[in-house]
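Coordinate-derived values only; no laboratory data. Since the model is a prediction, treat every value here as computed from it, not as a measurement. Backbone-built Cβ (ideal geometry, glycine too); neighbour counts: all protein chains shown.
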Amino acid sequence: MKWLFAGAKYLAKVTIHTIRYWWNKITFSLKGTMKAKPARVEAGTPAGTPEQKISIVFHAYHLKLAKQIFVWIEDFAKAATLPVNLIITTPAANVVEVKTLATSDAFTSEVIEVENHGRDIWPFLRVCQSGKLSSSVLVLKIHTKAPRQLGAKVSLGVESVQELLKPELVPGLLSQAKANPYFVATYKKYIGKTVHWGANIGEYFKLLKTLEVEPLPRKLRFPSGTIFWTTGKFAELIGKLAVTRSDFQGEPSPDDGATEHVLERLFGMLAKDNGGVIPLERLVTGEHNANRNSRN
């Protein structure tokens with residue numbers, strides 16, 4: 001009976017979120033808060049050949065966790081078949097120590113002073129908007145993800161970062177990037193779905209209106225915790241979003257319903273609409289057909 005109850009509960013959540021999605025879409029359209037033909041953030045045709053390097057964007061906020069992650073990054077860079085460029089965003093108080101931690105012969109690095117605003121999302125947008133990632137064939141977004149108590153559940157912790165820093169992932173990612181560079185990839189267990197809209201549907205439509213982006217596919221898929229692999233081309237696409245510092249409510253960040261949570265889902269929707277939100281397991285085992293435009 002337990003599995004039957006769990007299944008019914010899951011189905012009810014999906015149904016409720018689906019109804020809420022369409023209600024918001026219709027309401028905003030009727031109120032005229034969304035333009036009839038709003039501009040759309042589109043991938044377009046990739047121009048030129050990306051530089052054969054891996055860029056890692058690392059928001060180092062919690063220094064204790066950052067020290068361990070730097071060790072994992074160095075191990076990854078030593079084993080990687082491509083050069084690794086590390087871009088670290090961190091608050092002013094951390095800059096001196098972070099520069100010391102980021103010194104290694106295994107990778108090149110750059111430290112950018114930026115406040116912890118909108119959690120790690122605003123720092124990441126700053127890097128995407130700067131164009132520093134556009135030429136990289138692969139991009140890994142990580143941060144010092146400290147576990148948080150969310151009701152009865154505990155959110156993803158730093159172990160999710162370690163799982164993505166595996167050199168054996170690179171060949172499959174390169175194959176996918178060559179076929180369609182507008183994707184995001186993380187492990188299946190970290191892919192958020194329709195049931196994870198939370199308190200973000202209304203804010204999602206408000207943000208789309210502000211950015212003049214038309215509604216993207218209803219079926220939600222996104223990299224939970226905003227820790228994921230992608231490409232410089234997709235980072236460039238994110239950089240086109242006209243999001244500014246003032247769009248965020250500031251710290252401490254609420255557990256749900258803030259701009260950073262909406263953008264976390266929008267990143268997934270942009271990927272789903274262009275290249276796919278792909279489970280890393282498929283790329284590692286070769287199950288994923290890189291020549292097919294996945295819309296998981």
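Evaluating 6.51 cos²θ - 1.76 cosθ + 1.60 at θ = phi - 60° for every residue in region 134-139, the Karplus couplings come out as 4, 8, 7, 6, 9, 9 Hz, glycine and proline recorded as x.
Of interest is the spacing of the C-alpha centroids, which for region 52-75 and region 99-146 amounts to 9 Å. Taking the fewest neighbouring Cβ atoms within 10 Å as the starting point, the ordered list for 136, 246 is 246, 136.
Which of the three applies to region 52-107, rounded, prolate or oblate, going by the alpha-carbon gyration tensor with a ≥ b ≥ c and a/c under 1.5 meaning rounded? Since a/c reaches 1.5 and a/b is larger than b/c, the shape of region 52-107 is classed as prolate.
List 117, 143 from most exposed to least, where exposure is judged by having the fewest other Cβ atoms within 10 Å.
With the sparsest Cβ surroundings first, the list reads 117, 143.
Near the amide H of residue 89, within less than 5 Å, lie the amide hydrogens of 58, 59, 60, 112, all on another chain or at least 5 residues away, with H placed in the peptide plane. Neighbour counts of other Cβ atoms within 10 Å put 64, 233 in the fewest-to-most order 64, 233.
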